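Here is the structure we will look at, set down as structure tokens.
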Amino acid sequence: MDGNFSSEVQPWEDGLRTDPEGNSFEWWYFDASFTDGSTAVIVFSTKNILNPGGKADPNVSIVLTNPEGVKISIDDSPGIGAFKASREFLDVELGNSYTKGDLSQCFVHFEKDNIEANLTFTSKAPSWRPGSGKMYFDSEKEKYFAWLPAIPFGDVEGTLSYNGEEIMVTGTGYHDHNWGNVRLDKVMTQWYWGRAKIDDYTLIFSQMLTAPKYGSVKIPVYYLAKGDKILSSQEFEFTFTPSNWSRHSEGRDYPEKIVIDIIQKDIQTKVDITDPLFLEAKDLLENQPWLVKTFSSFFINPYYFRFNADYYLRIKNSTHTIEKTGHGIFEMMLLREKQTIR
């Protein structure tokens, strides 16, 4: 826990938290879904998350999906000399791309070749983190992985330029910030993560599984807000049940249904996630040399799935029950195994 940690998220927490040239990694993630059916995911990072001990290799990437479902993916790695970041608030520059702002509003600009994005994210749900935001992997609390949903849900507007055309877009989005100093595939086997905006409720969840060396422990994270009020607490019972398994062409299994039950002191929440549609399926070794990829595939097989899905939310307290339906996304990160937890 940081010495100046407080219960309320501070702007500096979305600033640079690590030394990019040290034994650490860090990334700032933005995603947006627009009313025309298109989507955008933009990520600024200091280095590969599977190699925190490696040299600094700042990268910014964008994945655009147009209304017809055609995907455009491009990234830029201009070198550590082109990277700047503030420790006081969100202010990251890399080559021609940058992001600036605070916990209430931020601006994201991506520019490479003939692809450009200019997007403003305006927060509509309170910034949050689980506890201090850090998950520790040693008794000295030196090895850690940290997560901050700086904008759990927000409005997004701006322009996207691709295929020789500039398009004005409006929609909704999300921004979080992660950093740490452990190789994630050494301390975790896999994780699920998801988020949804359902009527005036904002939901975020995660279910992580630590590596056998750390006890194969399931670690849940849960955030629920109504408007600008956070309803979730730090203490809860969490049951996560994936089912109805299907096999992807790459040999990984994924669930067609997930049921989550959360019990708090005053609230019982149930989430059903069904009918997932692929947004992304990616081999995390795909850019590695052939020999490295072939050898590593026998041991870790890292793979990433991202889905759009239907969400059902039921919230029950002592006086009434609320039921809502909507849409959201969830991801499945397989860091070490071909198959996922059942």
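Among 187, 9, 271, 70, which comes first, then next, by fewest other beta-carbon atoms within 10 Å?
The order, fewest Cβ neighbours first, is 70, 9, 187, 271.
Could you tell me which of the pairs 197/265; 112/226; 100/257; 197/316 are separated by over 27 angstrom between their Cα atoms in the structure shown?
112/226; 100/257
Give the average over all directions of the projected area of the C-alpha convex hull of the stretch 1-149, one decimal, in nm².
9.8
If all Cα-Cα distances of the chain are sorted into 10 Å bins from 0 onward, what percent lands in each bin, rounded to whole numbers?
In whole percents, the pair-distance histogram is 5, 25, 36, 27, 7, 0, 0.
In the chain, what % of DSSP beta bridges are antiparallel (nearest 5)?
The antiparallel fraction comes to roughly 100 percent.
Is there a quick way to get the dipole size of the chain? I mean about its Cα centre, with the Cβ of Lys and Arg at +1 and of Asp and Glu at -1; what is the value in debye to the nearest 20?
1260
Find the relative contact order for the chain and round it to a whole percent, using C-alpha pairs within less than 8 Å whose residues are 6+ positions apart.
It comes to 12 percent, rounded to a whole number.
Loop by DSSP (not H, G, I, E, B), at most 14 other beta-carbon atoms within 10 Å: where is the longest site-free stretch of the chain for GluC sites (Glu not before Pro)?
No qualifying site falls inside 143-234, the longest such stretch.
Quick note: the coordinates plus some simple rules give every number you see, no bench work behind them. Given the structure is predicted, the values throughout are model-derived calculations rather than measurements. Positions of Cβ are generated from backbone atoms using ideal geometry, with glycine treated the same way; all protein chains shown enter the neighbour counts.
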